[in-house]
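Engineer: Can you keep this structure in mind? I'll have questions shortly.
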Amino acid sequence: MPNTARWAAALTFTATAVCGPLTGSALAAPNAAPASLYAPSALVLTTGHGESAALVTPQRAVTLTCAPGASGSHPDAVDACAELRAAGGDFDALAIRDGVFCTKQYDPVVVTVQGVWQGKRVDYERTFANECVKNTHGTAVFTF
């Protein structure tokens, strides 16, 4: 029996030495290093016909992730991310395309953007007079 007792004590000591650091404060780790070296940029963009987002059923929705690389279901994620970076993440500052002529027909289109841009919360809504006018704001961001 003395050998069994020594063996049990050695096993208990080994388990404590190996698993001990995995319990208590080591698991909580409130000041742990960040999971990545970049601020997250992940957005959901929707569009639908109507006056405001509260009254519109989205007809199309895409995702756009710009960090660490451009991805998502947006049809032109690379250009959309580049365009947003150039505008500093300000959707109202997107360059308006020159040489595009739109009719004055009023068929309102609502665009919403929600998510995170470079670590900051985004909640954007804008109503355009029609689809053509929406597509003139920027070259890629709202073209989906």
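Derivation of every value follows stated rules applied to the coordinates shown; laboratory data play no part. On a predicted model such as this, the values are computed, not experimentally measured, just so you know. Positions of Cβ are backbone-derived with ideal geometry, glycine not excepted, and every protein chain shown enters the neighbour counts.
Engineer: Any idea what the dipole of the range 84-144 comes to, in debye rounded to 20, about its Cα centre with Lys/Arg Cβ at +1 and Asp/Glu Cβ at -1? Show your work: numbers first, answer last.
Structural biologist: On the way: 7 positive and 7 negative charges, 28 e Å.
Approximately 140 debye in magnitude.
Engineer: Which net charge results when you count Lys and Arg as +1 and Asp and Glu as -1 among the other residues whose beta-carbon is under 10 Å from that of C102?
Structural biologist: Numbers: positive: K104, K134; negative: E131.
Computed value for this residue: +1.
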